[in-house]
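Each remark here refers to the structure printed beneath this line.
Read-outs throughout are calculated quantities, based only on the coordinates presented, and are distinct from any laboratory measurement. Quick caveat, the model's predicted, so the values are computed rather than measured. In this analysis, Cβ positions are derived from the backbone assuming ideal geometry, glycine residues included, and neighbour counts consider all displayed protein chains.
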Amino acid sequence: MSDNPFHPPTTDAVPPSPGDLGPIPRPPSSMPGTVIAVLVLVGIYLVGSLLTALHNPARAVAEIGIGVLIFVGLVRRHALAWQWGMIMPILAALSTVVGVLAAVVGVLTAVTALGSAKDPSFVRPMMVLTLGLEISIPVLLSRRRSRLFYGLQCPRCQGLKIKAGNFFFTSFKCRTCHSAWRY
Ligand SMILES: [Zn+2]
């Protein structure tokens, strides 16, 4: 058959890239404790945003909108929600750190100028709690059990260094063995 000139040439077919594993069944997994903890923390964060909504409505609307999208995505096992669940709290934490530093500098300035602290609360406890929340979320999401839940393990080499294969993170690429797959 291979000598048949009418046989469709196989070279016309789109050659799969070397490491492309194609669509593979998603390994079943019940939600690990780390992800449940993240959902609780995101929930607390959303309630906090609601409470400050009157104080800064524009910021609260943005926070709640993004937070709800991440929350729903995390529940539905979307790797994109995992990715933004890693990025957004880190950005928010940086903003909180700037706020904490400004508060510390403000108090120190008051101490120097007046001989005693004008604001006895020092760094406001809410800021510290917020910072703890913002740091805990990416720490929990980076745990192995969380990564497995979002399909972030290479089916070929079992590596956990996975990057998005496309913008919406519906395909996956292994940084170690360069395999690609989707669920
Ligand atoms: Zn791999």
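Compute the signed sum of charges (Lys and Arg +1, Asp and Glu -1) over the other residues within less than 12 Å, Cβ to Cβ, of Gln83.
Here the count lands on +2.
What distance in nm lies between label points placed 7 Å from Cα along the C-beta direction at Arg145 and Leu69?
Going by the 7 Å Cα→Cβ label model, 2.9 nm.
For the range 33-113, which trypsin sites (Lys or Arg not before Pro) are in a loop by DSSP, counting at most 11 other Cβ atoms within 10 Å?
Arg76
Just subtract the alpha-carbon distance of Ile90 and Arg76 from 0.36 nm times their residue separation and send over the number in nm, one decimal.
2.8 nm
Grab the beta carbon distance between Phe167 and Thr52, set R0 = 35 Å, and tell me the FRET efficiency rounded to 0.05. Walk me through the intermediate numbers first.
Details: r = 31 Å, r/R0 = 0.90.
E(calc), rounded to 0.05, equals 0.65.
Please work out the FRET efficiency for the pair Leu129 and Thr176, using the Cβ-Cβ distance as r and a Förster radius of 35 Å; give the result to the nearest 0.05.
0.40
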